[in-house]
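A.B. asks: If you scroll down you'll find the structure; I have some questions about it.
Derivation of every value follows stated rules applied to the coordinates shown; laboratory data play no part. It should be emphasised that the depicted structure is a prediction, and the values quoted were computed from it without experimental measurement. Don't worry about glycine lacking a Cβ; one is built from the backbone with ideal geometry, like all the others, and counts go over all protein chains shown.
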Amino acid sequence: MNTGVTPRMCVLVPVYNHGLTVSRVIRGARKRLPVLVVDDGSTDATGAEVERERTESAAEGMPVWVETHAVNQGKAAALRTGFQAALREGFTHAITLDADGQHAPEELPAFIALCERHPEALIVGVRDLVKERAPWARRFSNGLSTFWFRQETGVPLTDTQCGYRCYPLAAVMGLRVRAVRYAYELEVMVKAAWAGVPILAQPVSSDYAAPTSRLSHFRPGRDMWQISVLHSRLSMQAFCVPALLRRMTATGELDRLPRRRRIRTIVGHLLSEHTDTAERLGVAVGVGLFCGIAPIWGFQMVAAAALAHRLRVNKAIAVASSNISFPLAAPFILAAGLVLGHWVFTGGWIDVSPAAVRTQIPKYAMEWFFGSFLLATIVGTLGGSAVWAMHRWIRQPATIPRNG
């Protein structure tokens with residue numbers, strides 16, 4: 001959807017020790033857009049190559065801006081520097097190109113056209129890693145990251161690690177992102193999705209055949225560990241934190257609130273998510289009561305939260321309801337499950353004499369197990385229905401009697 005804003009785009013090339021390929025990347029990109037290079041502390045011929053391209057481009061009237069880090073700080077720092085420089089130069093969008101030559105600058109027009117149609121979106125390059133014969137380790141890590149990205153955002157991307165992207169700068173710089181190195185790009189995507197920024201896919205090619213395409217500074221051990229830790233943190237937030245709170249967290253809005261108001265906001269969203277209808281509220285209570293009574297001792301709250309998440313009902317209410325089996329009530333729940341199960345199997349009352357209990361323990365255990373699930377179903381259904389009816393009654397518009 002075009003918002004009426006005409007984007008002003010540049011190509012951002014973060015580079016570290018890619019003296020063999022950076023000139024070709026810059027030369028291909030500046031035929032189509034202004035280029036901004038961030039030299040992240042290179043120690044090879046990269047600096048000289050970039051300076052040569054900058055001089056030639058100035059003579060041709062297509063500027064190349066250069067930002068330089070004195071020492072290598074990692075890709076996250078290079079991108080942040082580039083985004084800030086692009087904003088300073090008046091650009092609204094930055095299309096990032098890796099300097100190793102894997103990406104084709106000839107595909108920039110597709111990004112430009114899609115950005116002009118959807119300037120509000122973050123556009124992500126999507127590769128066919130099988131067709132491009134990417135290394136097995138790259139395909140595996142990308143598949144794993146893609147799976148978790150979908151769990152965290154609900155966005156069905158097939159590639160989350162491609163560096164060919166178009167960033168809406170104002171939206172991206174407004175996100176609270178803590179990750180470093182290669183995990184930074186992933187957290188930007190997740191936080192952007194949480195903040196309501198559309199994520200669009202743009203098919204791209206990638207050259208893994210050329211020897212220079214393997215000049216990656218990705219460190220499999222350390223960087224995969226950082227990405228794994230990031231996914232663990234983000235997936236837990238996606239599971240536990242309501243969508244509106246995630247949006248406020250992603251944009252820093254929650255951190256800017258005074259402490260008391262922040263606490264009230266968190267509690268309010270935890271208790272109000274997915275409670276817009278009587279049906280959803282009733283199901284949340286019913287799920288919690290079922291899990292609290294079912295014979296899954298030690299896992300009631302976890303099961304209630306997982307089932308509520310699956311059914312898209314309020315997790316906090318479900319977890320609170322699962323505490324029906326608190327210590328004082330637990331003996332009565334155990335006894336009720338045993339009595340109910342015995343009655344279903346035999347049609348009579350249970351014999352609790354010491355002699356009967358000693359001889360019938362296996363039989364009573366099976367009856368208790370079945371009876372507990374039956375009791376959980378009955379109580380969950382009745383409790384959820386009661387809450388549903390009460391909610392409908394409370395929300396029913398009051399009728400004003402007419403006079404005379």
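A.B. asks: Along the charge dipole of the chain, which of Phe140, His103, Trp194 sits closest to the positive end, that is, farthest toward it, with unit charges on the beta carbon of Lys, Arg, Asp and Glu (+1, +1, -1, -1)?
C.D. replies: The Cα lying farthest towards the positive end belongs to Trp194.
A.B. asks: Quick check: Cα centre of the stretch 261-326 to Cα centre of the stretch 47-104, how many Å?
C.D. replies: 50
A.B. asks: Over the Cα atoms of the chain, what is the Rg over Rh ratio if Rh follows Kirkwood?
C.D. replies: 1.16
A.B. asks: Is there a pair in Lys31/Lys191; Lys75/Lys191; Lys131/Lys191 whose C-alpha atoms are over 28 Å apart, and which pairs would that be?
C.D. replies: Lys31/Lys191; Lys131/Lys191, as the Cα separations exceed 28 Å there.
A.B. asks: Here is a further query. Got the relative contact order for the chain handy, in percent, Cα pairs under 8 Å and 6 or more residues apart?
C.D. replies: About 13 percent, as a whole number.
A.B. asks: A further question follows. Select from Ile394, Ile227, Ile26 the residue whose mean-square fluctuation is largest in a Gaussian network model of the chain (Cα-Cα springs shorter than 10 Å).
C.D. replies: Of Ile394, Ile227, Ile26, the Gaussian network model singles out Ile394 as fluctuating most.
A.B. asks: Please get the size of the charge dipole for the chain, origin at its Cα centre, with Cβ charges of +1 on Lys and Arg and -1 on Asp and Glu, quoted in debye to the nearest 20.
C.D. replies: 1140
A.B. asks: Let me make sure I get this right: for the stretch 1-106, a, b and c are the square roots of the gyration tensor eigenvalues over alpha carbons, sorted descending. Under 1.5 in a/c it's rounded, otherwise prolate if a/b > b/c, else oblate. Which is it?
C.D. replies: Here the stretch 1-106 falls in the prolate category.
A.B. asks: Starting from the Cα of Gln237, move 7 Å in the Cα-to-Cβ direction to define the label point; list residues of the stretch 174-204 whose amide nitrogen is under 16 Å from there.
C.D. replies: Hits in the stretch 174-204 for Gln237 at 16 Å: 174-181, 183-197.
A.B. asks: Normalise the Cα radius of gyration of the stretch 274-394 by 2.2 N^0.38 Å (N = residues in it) and let me know the number.
C.D. replies: This ratio for the stretch 274-394 stands at 1.18.
A.B. asks: Label-point separation (nm) for Asp207 and Gln151, each offset 7 Å from Cα along Cα-to-Cβ?
C.D. replies: Output for this residue pair reads 3.7 nm.
A.B. asks: Another one. What FRET efficiency would be calculated for the residue pair Trp136, Leu114, taking the C-beta separation as r and a Förster radius of 35 Å, to the nearest 0.05?
C.D. replies: After rounding, the FRET efficiency stands at 0.70.
A.B. asks: Compute the signed sum of charges (Lys and Arg +1, Asp and Glu -1) over the other residues within less than 12 Å, Cβ to Cβ, of Asp276.
C.D. replies: +1
A.B. asks: Next question. Using only the Cα atoms of the stretch 36-178, each taken as one equal point scatterer with no solvent, compute I(q) by the Debye sum, divide by I(0), and report log10 of the ratio at q = 0.08, 0.15, 0.22 Å⁻¹.
C.D. replies: -0.26, -0.94, -1.59
A.B. asks: Run through the DSSP bridge list for the chain and note the antiparallel percent, rounded to the nearest 5.
C.D. replies: 25
A.B. asks: Where does the stretch 238-311 land on Rg(C-alpha)/(2.2 N^0.38 Å)?
C.D. replies: Cα-based Rg divided by the globular estimate yields 1.29.
A.B. asks: Which is farthest toward the positive dipole end of the chain among Gly383, Ser206, Val64, measuring Cα position about the Cα centre, with Cβ charges +1 (Lys, Arg) and -1 (Asp, Glu)?
C.D. replies: Of the options given, the answer is Gly383.
A.B. asks: May I pose another question? Does anyone have the angle between helix 361-395 and the longest principal axis of the chain? Alpha-carbon axes, 0 to 90°, nearest 10?
C.D. replies: With both axes taken from Cα atoms, the answer is about 70 degrees.
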